[in-house]
Amino acid sequence: MNASILFRRNAPGVSTCLRRRCLRPAALAAASASGVSTPASGVWTPAFQRTEKRFLSGAALQPKAGPAPEYRRVPFVKEDMEKVMEEVPEFKYYYVGKENTKGNVYEGIPLDQSILEPADLRDYVPPHSNIQYSKLDNGLRIASMDRGGLTASLGLFVHAGTRFEDVTNFGVTHMIQNLAFASTAHLSLLRTVKTIEVLGANAGCVVGREHLVYSAECLRSHMPLLVPMLTGNVLFPRFLPWELKACKEKLIMARKRLEHMPDQMVSELLHTTAWHNNTLGHKLHCTERSLGHYNPDVIRHYMLQHFSPENMVFVGVNVNHDELCTWLMRAFVDYNAIPPSKRTVASPVYTGGDVRLETPSPHAHMAIAFETPGGWNGGDLVAYSVLQTILGGGGAFSTGGPGKGMYTRLYLNVLNQNEWVESAMAFNTQYTDSGIFGLYMLADPTKSANAVKVMAEQFGKMGSVTKEELQRAKNSLKSSIFMNLECRGIVMEDVGRQLLMSNRVISPQEFCTAIDAVTEADIKRVVDAMYKKPPTVVAYGDVSTVPHYEEVRAALRAAGVGK
């Protein structure tokens, strides 16, 4: 493949999302709608364990804030395209109808002989130990670290999500997610997919309530090829009508699949109830009503508002920082960013409340939650994370082997004591300035009243912990942080999310220091603060015998929770 196709300057008449002309009717007519589906993302993946597992270090802890990193300036430089192309890695592109196979380069090498060259063998580098920071002149922040691996993780983080939607564009974030890696001014959808296949790379897009991430994993030598693919999603999407039509069908299918995912449904219901009709309460998934907003004008207008370089962070793991900055500079050099406009970000208003949805399910899914004031930028996230670890939880059937979390409160006092409980766990979901903490239970629907009573009792005992419980939880939490950060993908996401939320990256060692400082009094204090707001109660599945909201509040008051 002539790789210059990845780096062509924008063709005449094709709009770019970072140019003002992208909203002109002529430009919209020349480049309308696109679409490719990527898996929808829920807040808890797997069910109610997002904070505890994958995003533990990046979204659930916050020691005392320090200074923002110092960014090295990366100026834009006009370069000779022929010389630039000499630096692009060569690879054999897939052409339809032609012979595309090639021999195995490792054929004949014995299994006991290493295929790595001595230069490929590097010493272990701890996560977050050598992060380098730079910033393009247009405001795009760049962070990277080289841990010596042969496989790189790349991520383009955009500070946009369902929180920033309004009545004129509900569902647009889910639409943009499904349009990821579709046709751009440089590459068609087919050429994009086949290029990723030939490179042996993985690429995808994940959206949340406060962020959107285009990510890719590839060999570190292929980084120059993946950077323009990632940035192409925000610089020059074409939104072709036939791709838009195919994507619309996928949005409808995704909504139908959601109905068969109880954990995702409970997550959606919790958010829409906890922050009713505002910010964090906006749905992650595109509804049938939202499909009316599904057109190029709405999508481009939303991207113009929120996809400016100042709202973006590009993170690379196992890449050379200077090379990454160079290729990002080349990707953005010919694209004039819109003048930065200070957007208004509404503060979330926690409402609490009650919602229940009857479905043909053999179980009752119930969740009770309270707001955690301050969210990521509050001062108590470490204490809430330790509290979540103390409570723990799991299922009646332990996958992957027995013994995990057996000393947590929900295992000892709920799962081991009540045979009608299929699953019980604590969840802790945090955002920039707010969050929710609560308990989830999957139980026999005929025991719904018992389930509410058991959960109320656990809420009533949260403020009292023993030194043994506290120390065990601290050790478990610290080990989870370091185990998660062994994965380069999680390191990449951790750095990106932290920079978006607070413009600072806190190291695992700083987290551990903050964890060690948590006391029994801190747990009591944050629990008391949490109970000052009304609860959010969600029931899903067989809800025929689930107690009324006022009965739930009465059970909580009887256990010493709230007023």
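Bear in mind that the values in this text are calculations on the coordinates, not laboratory data. Since the structure is predicted, the reported quantities are computational estimates derived from the model, not experimental observations. Cβ placement follows ideal geometry from the backbone for every residue including glycine, while neighbour counts extend to all protein chains displayed.
Remark on residue 179: its backbone amide H falls under 5 Å from those of 36, a criterion applied only to residues 5 or more positions apart or on other chains, H modelled at 1.01 Å from N.
For a test of the definition: using alpha carbon positions, the gyration tensor, and the 1.5 limit on a/c, classify segment 276-315 as rounded, prolate or oblate.
oblate
Here's the picture: charge each Lys and Arg Cβ at +1 and each Asp and Glu Cβ at -1 in segment 353-558, and of 492, 370, 464 the one pushed furthest to the positive end of that dipole is 464. Residues whose amide H comes within less than 5 Å of that of residue 357, counting only those at least five positions distant or on another chain, are 539, 540, 541 (H built at 1.01 Å from N in the peptide plane).
Where Lys and Arg each count +1 and Asp and Glu each count -1, what net charge lies around residue 279 among other residues with Cβ under 15 Å from its Cβ? Summing Lys and Arg as +1 and Asp and Glu as -1 gives -2.
Residue by residue, segment 193-203 carries 3J(HN,Hα) couplings of 4, 5, 5, 5, 5, 5, 6, x, 9, 10, 9 Hz when phi is fed to the Karplus relation 6.51 cos²θ - 1.76 cosθ + 1.60 (θ = phi - 60°); x denotes Gly or Pro.
Listed values for segment 167-176 are Karplus-derived 3J(HN,Hα) couplings in whole Hz (6.51 cos²θ - 1.76 cosθ + 1.60, θ = phi - 60°), namely 5, 7, 8, 3, x, 5, 5, 5, 5, 4, and x replaces Gly and Pro. Between amide H atoms placed 1.01 Å from N, distances below 5 Å from residue 151 occur with 220, all of them 5 or more places distant or on a separate chain. Here 365, 211 are placed in order of increasing Cβ neighbour count within 10 Å, fewest first, which gives 211, 365.
Remark: the Cα gyration tensor places segment 353-558 in the prolate category, a/c being 1.5 or greater and a/b exceeding b/c. Residues 557, 289 in ascending order of nearby Cβ atoms (within 10 Å, fewest first): 289, 557.
Modelled spin labels at residue 112 and residue 305, positioned 7 Å past Cα toward Cβ, are 6.6 nm from each other.
Note on residue 483 and residue 504: the model spin-label points, each 7 Å out from Cα along the C-beta direction, lie 2.9 nm apart.
Backbone phi angles across segment 548-559, fed through the Karplus curve with coefficients 6.51, -1.76 and 1.60 (θ = phi - 60°), yield HN-Hα couplings of 5, 4, 5, 5, 5, 5, 5, 5, 5, 5, 5, 8 Hz in residue order; Gly and Pro are listed as x. Cα gyration tensor of segment 348-448, axes a ≥ b ≥ c as square roots of the eigenvalues: rounded (a/c below 1.5), prolate (a/b > b/c) or oblate? It is oblate, given that a/c is not under 1.5 and a/b is not larger than b/c. Taking the number of Cβ atoms within 10 Å of each Cβ as an exposure proxy, the fewest-first ranking of 359, 432 is 359, 432.
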